[in-house]
Amino acid sequence: MATCCCCSARHRPSPFLGSPLRHPGVSVDDKTPREISLSVVSSISDISSNDWDACATDATSPEKFNPFISHAFLSSLEESRSAIKETGWLPQHIVAQDEYKNIIGVVPLYLKSHSYGEYVFDHSWADAYYRYGSQYYPKLQSCVPFTPVTSHRILVRNTWYRDQVFDMLVMALKDLTTQLQISSLHITFPSENEWHKLKQSGFLPRIGIQYHWKNRNYKNFDDFLMDMKQSKRKNIRQERKKVLAHNLKMKRLFGDEIKAKHWDSFYKFYRNTTDNKWGSAYLTRDFFHILGSKMGDRILLIAAEDEGELVAGALNLIGGDTLFGRLWGCLPHVYFPNLHFEACYYQAIEAAIDLNLTKVEAGAQGEHKIQRGYLPVTTFSCHYILDDDFRKVIDNFLVYETEQVKHVMQLLHESGPFKEGII
């Protein structure tokens, strides 16, 4: 499959997106009217980090910076060979440029040969599609690979015509799906605002549930506990005491404090988790080293030591207002009751309070998080199905699923861990 992007020494017009699409307006520096060209690149390295991050920052605002849509994170996935064609993730990032070659919009996009590493499950759709007599794969996926974190997916510079650029990028996504003659396009974990816009553009809406902790201006961990029901507060304190009873030393490592040896140890932890739970590892050892070198100032590694030996750890990324818990693991022979809760949930809460962050996102799934202060929130995805008949089937399924998710969400909120009136 040919891939390319805007016209320059390195880029050629995309055969999928056709001739540059023109839209009257002004350039990024507000000089003169210009045209917009849309194109595809097969590696994020074809786009400068400054250009990509300018789009990402404008889309989210600096105070809500999301590290996962940064050039550094996405390029770490590609450079480490974690998200590449050979692993079923062929980059097909869409780029919008004005006539002065200023990049004014980008979309992280992958042509996928499977549904692994997405956290919005469509395996049953693929099975039904095959029974229907058609091929479900390959499909297009706009997301951050292996990362169930809500953020913008259509990343557009902050200009007065940004809505038009947004619409053109969405049109380009749909056109590329048609040109490639594939089954579908999926945009997973977009912002709620994008989700509403994409519904109006013919995408089928879907919702899910995650569990997040919210900082209500707490001064410390005990201050947070005082908002909990007495039984929940007692349980958390008992869980933390059990970890302390093992004389484990919990450390928070930032930036340059995280050495190569820590990444090597954490990769062992990660492989132990994947081998026991999933059967295969999505991320390579190099990913962690590259990520550390590129994003050290955005990383918090919570480490557990037993008599000087690093035995477990939890990887977090620091956003503009959020601490994102991503991966956890321990040595194969290690078992300390409640250490997972301590490293992933309680240490993250303490760190968020100390860093004055507004919330902690602790990853996908896990109703057990509720009793530890993490409440259910809605996540979003959008699905563009080309086949009209199959689209109707999926639409009917999603209507039923949505009602079920809303019902579960209501029940979960009714059984929350906080005192009455706190939420």
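The values are calculated or read from the model by the stated rules, or taken from the named source; none is laboratory data. Here the structure is a predicted model, which is why all the values come from computation and not from measurement. Here the Cβ positions follow ideal geometry from the backbone for every residue, glycine too, while neighbour counts run over all protein chains shown. Just so you know, the surface numbers come from the protein's heavy atoms only, side chains and all, with ligands and any DNA or RNA stripped out. Shrake-Rupley method; radii C 1.70, N 1.55, O 1.52, S 1.80 Å.
Summary table
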{"read-out": "Qualifying positions in segment 238-256 - charged (D, E, K, R), part of a helix (DSSP H, G or I) and surrounded by 14 or more Cβ atoms within 10 Å (Cβ to Cβ)", "value": "Glu239, Arg240, Lys242"}
{"read-out": "Number of positions in segment 407-423 that are in a helix (DSSP H, G or I) and either free of Cβ contacts under 8 Å to residues at least 12 places away in the same chain or of a type in the set (Gly, Ala, Ser) (or both)", "value": "4"}
{"read-out": "Segment 138-150, residues that are under 22 Å from Ile84 (Cβ atoms) and of a type in the set (S, T, N, Q)", "value": "Gln141, Ser142, Thr147"}
{"read-out": "The lone exception for Thr57 - which of (1) at pLDDT 95 or above; (2) open to solvent by 10 Å² or more (accessible area, probe 1.4 Å); (3) of a type outside the set (A, V, I, L, M, F, W, C); (4) within 25 Å of Tyr137 (Cβ to Cβ) it fails", "value": "(4)"}
{"read-out": "Segment 281-300, residues that are among the hydroxyl-bearing types (Ser, Thr, Tyr) and within 19 Å of Cys330 (Cβ to Cβ)", "value": "Tyr282"}
{"read-out": "Selected residue (criterion: most open to solvent (accessible area, probe 1.4 Å)) from residues of segment 282-322 that are in contact with a Phe, Trp or Tyr (Cβ under 7 Å, 6 or more places away or on another chain) and part of a loop (DSSP other than H, G, I, E, B)", "value": "Tyr282"}
{"read-out": "Criterion: buried (at least 18 other Cβ atoms within 10 Å of the Cβ), in contact with a Lys or Arg (Cβ under 9 Å, 6 or more places away or on another chain) and at pLDDT below 95 - qualifying residue of Gly88, Gly105, Gly25", "value": "Gly25"}
{"read-out": "Only listed residue being among the basic types (Lys, Arg), in contact with an Asp or Glu (Cβ under 8 Å, 6 or more places away or on another chain) and under 27 Å from His333 (Cα atoms), chosen from Lys268, Lys249", "value": "Lys249"}
{"read-out": "Criterion violated by Arg326 - all others in (1) within 24 Å of the chain's Cα centre (by Cα); (2) part of a helix (DSSP H, G or I); (3) among the charged types (D, E, K, R) satisfied", "value": "(2)"}
{"read-out": "Asn396, sole failed condition from (1) at pLDDT 95 or above; (2) closer than 25 Å to Gln141 by Cα; (3) within 25 Å of the chain's Cα centre (by Cα)", "value": "(3)"}
{"read-out": "Near pairs, Cβ below 7 angstrom, 6+ apart or cross-chain, from segment 258-275 (in contact (Cβ under 8 Å) with a residue 12 or more places away in the chain and buried (at least 19 other Cβ atoms within 10 Å of the Cβ)) to any residue that is small (Gly, Ala, Ser) and part of a helix (DSSP H, G or I)", "value": "Ile258/Gly292; Ile258/Gly296; Trp263/Gly292"}
{"read-out": "Odd one out for Ser39, checked against (1) touching a residue at least 60 places away in the same chain (Cβ under 8 Å); (2) surrounded by 22 or more Cβ atoms within 10 Å (Cβ to Cβ); (3) outside any loop (DSSP other than H, G, I, E, B)", "value": "(1)"}
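The rows are residues; the columns are (1) touching a residue at least 24 places away in the same chain (Cβ under 8 Å); (2) over 20 Å from Lys242 (Cβ atoms); (3) among the β-branched types (Val, Ile, Thr).
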| site | (1), (2), (3) |
| --- | --- |
| Ala281 | no, yes, no |
| Thr284 | yes, yes, yes |
| Lys294 | yes, yes, no |
| Ala312 | yes, no, no |
| Leu315 | yes, yes, no |
| Trp328 | yes, no, no |
| Asn338 | yes, no, no |
| Ala343 | yes, no, no |
| Asp354 | no, yes, no |
